[in-house]
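Down below is the structure, laid out as structure tokens.
The values are calculated or read from the model by the stated rules, or taken from the named source; none is laboratory data. Predicted model, so just to flag it, every value in this text is computed and none were measured. Every residue, glycine as well, gets a Cβ built from its backbone with ideal geometry; the counts of neighbours run over all protein chains shown.
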Amino acid sequence: MSQAASRRLRRLVLGGAGLVVGWLVVLLVAGLVGRGCARDHLTARIGASLRATASIDEVDLGLVRGRAAAHGLRIRKDEGGHLRISIRRAEVALAPLGLVAFDRRPRMVELDGVALEASTLAVLAAPDRKGQPIHVGGLVARDVHLTFLPTALLPWLGRVEVAIERVEAGPTVLYSALSWVFSLRSLRARITVAAGVTLVLEVDRGKLRVSGGLIGATPVEVPLVLPRLDPKREMTQLVGVIKDLVTQLAIDRAGGWLKQQVWDRVRDVVDPSPAPAPDARP
């Protein structure tokens, strides 16, 4: 290669590298400058989607890595009941290298330290669609605490408290605060209902395992079948899923009791001799 060609190639490489570095610098500066704008846009979007009031303490925006994080997210809704949501930290994976300007869909949302309290069924229902719902490629949440007051989902259960260690959902369209349930993939949680009864729940590979309370220490496993989400019937569908699962668990537990009774009768027929008495103590 001649010296002239070598110099041209070197200029091209240096020029290309300069453009890349310059673009990254622009993205870094835009990320720092755009924090306030991002916070305002995010609170407006959440508020419009849930028909609620939203606020955020701080937003970190990284356009190069394609990450955005919100700290101290609070949502309040008093229309149709009482709804309070607080999130210690929410991190969103976006298109990297500034491509978020063309593709704004969140690829993954990770939540830490979530608290939700709801008083009525109406306050959790999906609102009439005026704003656009939020599409996310996936959802992971840790350290989640949900409280449903006695007039909410299942009044006959009284106050229901749910402590979720970790939950993962697939691609989700968030019409309401609980839309992710319909794309549930895995879950580890404890549910406390009236009279302090606690159930341990685990969802994995389309199965729900429940133990504790009246079910006992041995887990009961039933298939978890989730319907396709209809935003106009979201809460009705959710209540239907819960009732179906409660029915399946009751049938499974009753079936286990019945099988034990039958086995006891068969054993008595096969070996009618009474069980030996325990040795008498001297």
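What the table below lists for this structure:
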read-out: Pairs with Cβ under 6 Å, 6+ apart, first in region 62-83 and closer than 14 Å to residue 119 by Cβ, second in a loop (DSSP other than H, G, I, E, B) and modelled with pLDDT of 80 or more; value: 77/52; 81/119; 82/119
read-out: Enumerated strands (runs of 3 or more DSSP E) restricted to region 138-183, each holding at least 3 residues that are modelled with pLDDT under 85 and in contact with a helix residue (DSSP H, G or I) (Cβ under 9 Å, 6 or more places away or on another chain); value: none
read-out: Residue within region 199-209 that is loosely packed, with under 13 Cβ neighbours inside 10 Å, hydrophobic (A, V, I, L, M, F, W, C) and at pLDDT below 90 present; value: no
read-out: Number of the exception - residue 93 against (1) in contact with a Pro (Cβ under 9 Å, 6 or more places away or on another chain); (2) at pLDDT below 75; (3) small (Gly, Ala, Ser); value: (2)
read-out: Of all residues making up region 210-252, the number that are part of a loop (DSSP other than H, G, I, E, B) and either surrounded by 13 or more Cβ atoms within 10 Å (Cβ to Cβ) or modelled with pLDDT of 85 or more (or both); value: 9
read-out: Residue that is modelled with the highest pLDDT, among those in region 96-106 that are crowded, with 17+ Cβ neighbours inside 10 Å and not β-branched (Val, Ile, Thr); value: 106
